[in-house]
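Following: one structure in structure tokens, then a few remarks.
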Amino acid sequence: MALAEETKRLTAHFEYTDEDVNKGVQEFLRQMNEGLQQDGTSLSQIPTYVTGVPNGTEKGLYLAVDLGGTNFRVCSIHLNGDTTFNLTYSKVAIPKELMVAKQANELFGFLAKQIELFLRTHHEDHFEAHIRRRQTVSTPEGYRDEQIFRLGFTFSFPVKQVGINKGTLMRWTKGFDIPDAVGKDVCALLQQEIDILRLPVKVAALVNDTVGTLMARSYTSPGKTSTLLGAIFGTGTNGAYVENINNIKKPVEGDYDKSTGLMVINTEWGSFDNQLNVLPNTSYDIELDQKSVNPGIQIFEKRVSGMFLGEIVRLVIVDMLKDPKIALFRDENSSHNDWKSTTTIAPESGVFKQWGIDSSIMSIAAADNTPDLSSLRQELEKQLHVYAASLEDAQTFKSVAYAVGRRAARLSAVALGAIVLQSGKLKESADEPVDIGVDGSLVEHYPFFRDMIYEALSAVDGIGPEGAKRIRIGIAKDGSGVGAALIALVAAGMEKKGVTWGHRNGATGIEVRRERWMMKKRKTHERKMHEWNVYTYVPTIMT
């Protein structure tokens, strides 16, 4: 059986037509609205308590910390008020014994200590000034001149969020196991340890990295248009978008600013269509799902994200290798190989191991347009120990990788297109772009991934070629840093009276009228409260 012919037959299984795209968009819209009505649906549609996005004019110095795995990052972000920022950070590995500590305070005490070290290293003048004021203040009114850093806490573990800075840990993942912390408010756990060290820091916001991507893009995006959607297309995939608060019919616990009429929603779209109403489901998708650690869930993510695409390619390649009639990666003799050799696959090749093909090789395959595909063939040898692959072998691998990658891009367009339609932004103005911020290895490093998304968006009913031209997809970096700082800024504004969250219609960011807050003296052993003078933009260091 001719290799090219069999390749064409197999890659046809991954064709995702314009009709499929439109069916997907309609089902996504249905599941979106179902998730806004009630809990327990495929699309979780989680309210984030963030009720506005920045416009690039915000100023101030903020802290952000990111506990997303085995490392802990502490950042300070100075927002310059002109869509630019300056970022300083440090990163430290979490000691393994703290990942399985008996008590939550062991881990969170370590995190608080890293915040203290960061402040002493990078903001010594402010830190020492704060300590001096604390030591010299003796008035019964409180710490009159004390300054407070507002901190955004990116915590990438399952939590039930019930406020902008309140969320209870549901369970640990990624090798952490501290039962004492489960069911507790992670912001309160961190704040308690910060207070023990008497640091000038308030945990102001609990941050999802996808929401952070939305915020970071909205601050840095060009022009007057605020960002509608932040999306991640990397190892995993997810999206967060700005929803009209009137469309949220399910109960939203806790307090939040209702004056904007908006709420950022974390879709958790990796679980879109777990029921497989419309998503494609080849034999390779079925096998991948059955052998995964979470069969039956995250079905959309398993067709879109970088963690899974390489495995789908591997399963196709293995299927071809099993067929003795298909001459993939084997030659009858050296005359059948343009490199005048015979192809060999080492027994330890990743081709024969689950998750053995990293999705990065798909990017190399897509980028290699040389006549003999030399870059791809070198990478097959380097990564997969496929020696002396023929041109026809490389062409087959490239075709399979392209088919899987193109389907992923068009499925990505389903999610983006549905949210654009849900927003109604294309009907509001004929001139303003619809801005989308994206992050992740697929949109950054996979050649033409965004082009393939645009191609699919052009086919969506209600968007079309003209609408697709108005959709602006731009890279948004560091959602867990800059984005977290911006959510801390939102939280600072929510604390004060007379808050107006700035939109791009002439308002200038968070505007807060100057006011003074004073707390009466409590018991002598309690910590005295601060008297704050608050000015426009509520900088994290409040003066």
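The values are calculated or read from the model by the stated rules, or taken from the named source; none is laboratory data. What you are looking at is a predicted structure, and each value in this text was computed from that prediction instead of being measured. Please note: Cβ atoms are built from the backbone with ideal geometry, for glycine as well, and neighbour counts cover all protein chains shown. For accessibility, only protein heavy atoms count, side chains too; no ligands or nucleic acids. Shrake-Rupley method; radii C 1.70, N 1.55, O 1.52, S 1.80 Å.
Just a few scattered comments:
- Other-chain or far-sequence residues with amide H under 5 Å of F149's (modelled H): V201, K202
- Percent of beta bridges antiparallel (DSSP, the chain, rounded to nearest 5): 65
- In plain terms, the chain is cut at each of the GluC sites (Glu not before Pro) found in a DSSP loop with at most 14 other Cβ atoms within 10 Å, and the longest leftover piece is 349-514.
- Distant-in-sequence amide H partners of I475 (H built 1.01 Å from N, under 5 Å): V438
- Were the residues from M170 through V293 laid out at 0.36 nm apart, the gain over their Cα-Cα distance would be 42.4 nm.
- Counting all C-alpha pairs of segment 338-416, share separated by more than 20 Å (%): 34
- A simple spin-label model places the labels of R330 and E432 6.2 nm from each other, with each point 7 Å out along Cα-to-Cβ.
- Nearest-20 debye value, segment 243-326 charge dipole, Cβ charges on Lys, Arg, Asp, Glu: 240
- Label sites at I475 and K250, each approximated as a point 7 angstrom past Cα along Cα to Cβ, lie 3.5 nm apart.
- Overall size of segment 148-195 from C-alpha positions, given as principal axis extents largest first: 33, 20, 17 Å.
- Relative contact order computed over segment 235-352 (Cα-Cα under 8 Å; 6+ residues apart), in percent: 21
- Across segment 1-108, Cα-Cα pairs farther apart than 16 Å form 80% of the total.
- Amide N of segment 355-376 lying under 17 Å from the label point, which is placed 7 angstrom from the Cα of L321 along Cα→Cβ: 355-359, 361-362
- Extended-chain gain in nm, criterion 0.36 nm per residue less alpha-carbon gap, T235 and D451: 75.8 nm
- With the simple spin-label model, which puts each label point 7 Å out from Cα in the Cβ direction, the E15 to K160 separation comes to 4.8 nm.
- Degrees, to the nearest 10: 186-196 long Cα axis against longest axis of the chain: 50
- Restricting segment 440-490 to chymotrypsin sites (Phe, Trp or Tyr not before Pro) that sit in a DSSP loop and have at most 16 other Cβ atoms within 10 Å of their own Cβ leaves F448.
- Semi-axis lengths, largest first, of the ellipsoid equivalent to segment 437-481 are 23, 12, 7 Å, with √(5λ) applied to each eigenvalue of the Cα gyration tensor.
- Around V482: net Lys/Arg minus Asp/Glu count, Cβ-Cβ under 13 Å: -2
- Gain on full extension, evaluated as 0.36 nm per residue between V92 and F110 minus their Cα-Cα distance, stands at 5.4 nm.
- Dipole of the chain, positive direction: furthest Cα of F28, I364, S458, with charges on the beta-carbon: F28
- The chain shape via C-alpha gyration tensor axes, a/c threshold 1.5: prolate
- With protein chains left intact and a 1.4 Å probe, residues in the chain average 43 Å² of accessible area per residue.
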